[in-house]
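The next block holds one structure in the form of structure tokens; read it before the comments.
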Amino acid sequence: MVIKILGTGCSKCEKLEKNMKEVLEELGIDATLEKVEELKEIVRYGVMTTPALVIDDKLVSVGKVLSTRDLKKLLSI
């Protein structure tokens, strides 16, 4: 599983990354977590508002910091 946090390093992007790391560790999921800060790459996903979350090349969230609870729901699908 490849998970990407799209954002330019703002506090919301950092919080989403922190929440995702916490959930991955808690659930014992072996995934590659990448931060994408390059604007060209972010726009390639059609994202205009960050933070955004991409799981296995599928855009699943835009413009909000998902809670650990919400992230657990996303990863259990």
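Each reported figure results from applying straightforward, stated rules to the coordinates on display, with no laboratory input. Computed from a predicted structure; not experimentally measured. As a convention, Cβ positions derive from the backbone with ideal geometry for all residues, glycine included, and neighbour counts pool all protein chains shown.
Restricting region 39-62 to residues that are assigned to a strand (DSSP E or B), without any contact (Cβ under 8 Å) to a residue 40 or more places away in the chain and in contact with a helix residue (DSSP H, G or I) (Cβ under 9 Å, 6 or more places away or on another chain) leaves a set whose member that is nearest to Ser76 (Cα to Cα) is Val60. Scanning region 57-67 for residues that are out of contact with any strand residue (DSSP E or B) (no Cβ under 6 Å at 6 or more places or on another chain) and either more than 21 Å from Gly9 (Cβ to Cβ) or buried (at least 17 other Cβ atoms within 10 Å of the Cβ) (or both) yields a count of 4.
State yes or no: is Lys73 touching a Pro at 6+ places or on another chain (Cβ under 7 Å) and among the charged types (D, E, K, R)? Don't jump to the end; show me each part of the working.
Working: touching a Pro at 6+ places or on another chain (Cβ under 7 Å): no; among the charged types (D, E, K, R): yes.
Answer is no for this residue.
Of the residues that sit in region 1-38 and are of a type in the set (Val, Ile, Thr) and not in a helix (DSSP H, G or I), which one is surrounded by the fewest Cβ atoms within 10 Å (Cβ to Cβ)?
Pass one, region 1-38, residues of a type in the set (Val, Ile, Thr): 2-3, 5, 8, 23, 29, 32, 36.
Checking the rest, the ones that are also not in a helix (DSSP H, G or I) come to 2-3, 5, 8, 29, 32, 36.
Values: Val2: 11, Ile3: 22, Ile5: 23, Thr8: 13, Ile29: 14, Thr32: 8, Val36: 20.
Step by step, filter region 1-38, then rank; the result is Thr32.
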